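Before anything else, here's the structure in question.
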Amino acid sequence: LANAEGDATSHIAGFLPRTARILEAGARPVYGFDGAPPELKARHTLGARAARKADADAESAAALDEGDARGAYKAAGRSTRVTRRHVADVKRLLELMGVPTLDAPGEAEASCAALVAADKAYAVVTEDMDALTFGAARMVKNLFDTEGARAQSKERRPAYEIELGRALAELGAARARA
């Protein structure tokens with residue numbers, strides 16, 4: 001999606017209805033934004049992601065050349081780059097909606113896990129399981145995936161909650177049985 005000047009607006013179109021639905025349901029979200037990545041992630045993971053995005057750019061261009069709009073759309077989705085302007089736009093939107101944001105010094109999941117630990121938030125809502133390694137007592141997955149976007153299917157995947165203590169207890173019990 002883009003405006004008349006050609007600037008991307010899909011980030012706004014994604015955040016606005018989702019946030020409105022959360023607010024209409026009576027929840028009070030706090031959005032966390034990543035700060036500087038840890039050195040190892042910057043060196044290894046982010047480089048691999050950049051390579052995958054470059055491959056997706058090439059696939060998208062090839063699909064467009066072949067007249068395959070669906071293939072181009074799918075590949076373009078894998079090559080999305082979040083810019084500083086996108087983040088600033090979303091933060092401004094959330095500010096106008098009265099929704100607080102958190103600028104994390106590093107990984108947002110770590111800061112959000114700390115909010116849960118301090119009883120300032122109920123759960124961390126993320127697709128990244130590392131929220132649990134940061135000690136999030138509760139995590140909600142698939143809250144923003146009700147249309148099956150990550151699975152690239154029409155099948156709905158329900159949101160669900162993971163309680164860290166219960167998961168660890170069940171893992172311990174399974175380990176004891178083994």
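Can you compute the FRET efficiency between R92 and Y122 using 1/(1 + (r/R0)^6), with r the Cβ-Cβ distance and R0 = 25 Å? Round to the nearest 0.05.
With a Förster radius of 25 Å, E is 0.45.
As an exercise, use a Förster radius of 41 Å and the Cβ-Cβ distance of M129 and L23 to find the FRET efficiency, rounded to the nearest 0.05.
In this case the efficiency is close to 0.95.
Separate question: Output ³J(HN,Hα) for the range 82-94: one whole-Hz value per residue in order, computed from phi by the Karplus curve 6.51 cos²θ - 1.76 cosθ + 1.60 with θ = phi - 60°, and x for Gly and Pro.
8, 9, 4, 5, 4, 4, 5, 4, 5, 4, 5, 4, 5
R138's amide H: which non-local residues (gap 5+, or another chain) put their own amide H closer than 5 Å, with H modeled 1.01 Å from N in plane and none for Pro or chain starts?
Residues meeting the criterion, in which the H sits 1.01 Å from N, are V124, L164.
Determine how large the accessible area of H86 is when every protein chain is in place; take a 1.4 Å probe and give Å² rounded to the nearest 10.
Looks like 40 Å² after rounding.
The values are calculated or read from the model by the stated rules, or taken from the named source; none is laboratory data. Bear in mind that the values here come from a model prediction, so they are computed numbers and not experimental data. As a convention, Cβ positions derive from the backbone with ideal geometry for all residues, glycine included, and neighbour counts pool all protein chains shown. Ligands, DNA and RNA are stripped out before the accessible areas are found, and what is left, the full protein with its side chains, is counted by its heavy atoms. Shrake-Rupley method; radii C 1.70, N 1.55, O 1.52, S 1.80 Å.
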